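Have a look at the structure below, then the notes.
The values are calculated or read from the model by the stated rules, or taken from the named source; none is laboratory data. Everything numeric in this text was worked out from a predicted model, so none of it was measured. Neighbour counts are summed over all protein chains in view; Cβ atoms, including those assigned to glycine, are modelled from backbone coordinates with ideal geometry.
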Amino acid sequence: MISSEEALARLVEGNRRFAAGTAGGASQRNFEMRDQLAAGQHPWAIVLGCSDSRVPIEMVFDQGPGDLFVVRVAGNVVAPTQMGSIELAVERFGTRLVVVLGHSRCGAIAAALDEIERPGAMMPPGLRSIIDLVRPSVEGFLAATSRPDRETLIARGMRANVLASVNRLVSGSDVLARLVRSQQLAVVGAEYSLETSLVHFFDGTQAESVV
């Protein structure tokens, strides 16, 4: 199994191909290996991403079948099923990189803002469970003395929500925490720009570029 550093480099290179319009090599290679992949999988990166239709994760990183173990949920939040899916890939397949991928103009962040500004709106319980997980990431910005405009609020809330999910993964799983402490696993946050198609990576504690 490849290291977390090599896995991250592959994602960066693939995203650059996608953003430049030169993608296709990795996905075509793995399509030709479908018989081999049917016998088993060895994904080298796990991506917890948003369900937004504008963020097709394998395409964003120019990867194909067998490369990425993708978990998608609105708002890229961490609930027990997402945690368990990631633990499965780490334990069973030995994957050594987890990326929590948010994106610009996230609808889940906007919905959380709407709920805070206009509380009490009726919504299905499943959607409410997502909003409740996203909400703490945006409440602090709303309470600030100098409140930014809505677009900036969504952007800041998205980054805070990504970091909250990173922290939930590490603090909420003994398996992941143990591997992170022993430097056998990296858990990082990232932001996909709908405007440029580029992914900006930052580490699990602050939004600073690592590439």
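Close contacts from the range 112-131, counting a first residue that is assigned to a helix (DSSP H, G or I) and small (Gly, Ala, Ser) and a second that is surrounded by 13 or more Cβ atoms within 10 Å (Cβ to Cβ) and at pLDDT 85 or above, with Cβ to Cβ under 6 Å and a gap of 6+ residues or different chains, come to ALA112/ILE131; ALA112/VAL134; ALA112/ARG135; ALA112/VAL138.
From the list ARG92, ARG168, the lone residue that is surrounded by fewer than 13 Cβ atoms within 10 Å (Cβ to Cβ) and either in a helix (DSSP H, G or I) or touching a residue at least 12 places away in the same chain (Cβ under 8 Å) (or both) is ARG92.
Can you confirm whether the range 67-75 contains a residue that is among the acidic types (Asp, Glu), outside any helix (DSSP H, G or I) and at negative phi? The answer is yes; a qualifying residue exists. Answer yes or no: is there a residue in the range 92-102 that is over 30 Å from TRP44 (Cβ atoms) and touching a helix residue (DSSP H, G or I) at 6+ places or on another chain (Cβ under 8 Å). There is no residue in the range 92-102 that is over 30 Å from TRP44 (Cβ atoms) and touching a helix residue (DSSP H, G or I) at 6+ places or on another chain (Cβ under 8 Å).
Look at the range 46-74: where a residue is in contact (Cβ under 8 Å) with a residue 40 or more places away in the chain and of a type in the set (Asp, Glu) and a partner is part of a loop (DSSP other than H, G, I, E, B) and buried (at least 24 other Cβ atoms within 10 Å of the Cβ), sitting 6+ places away or on another chain with Cβ atoms under 9 Å, you get ASP52/CYS106; ASP67/PHE61. Residues of the range 51-109 that are under 12 Å from the mean Cα position of the chain (by Cα), within 19 Å of SER173 (Cα to Cα) and charged (D, E, K, R): ARG72 alone.
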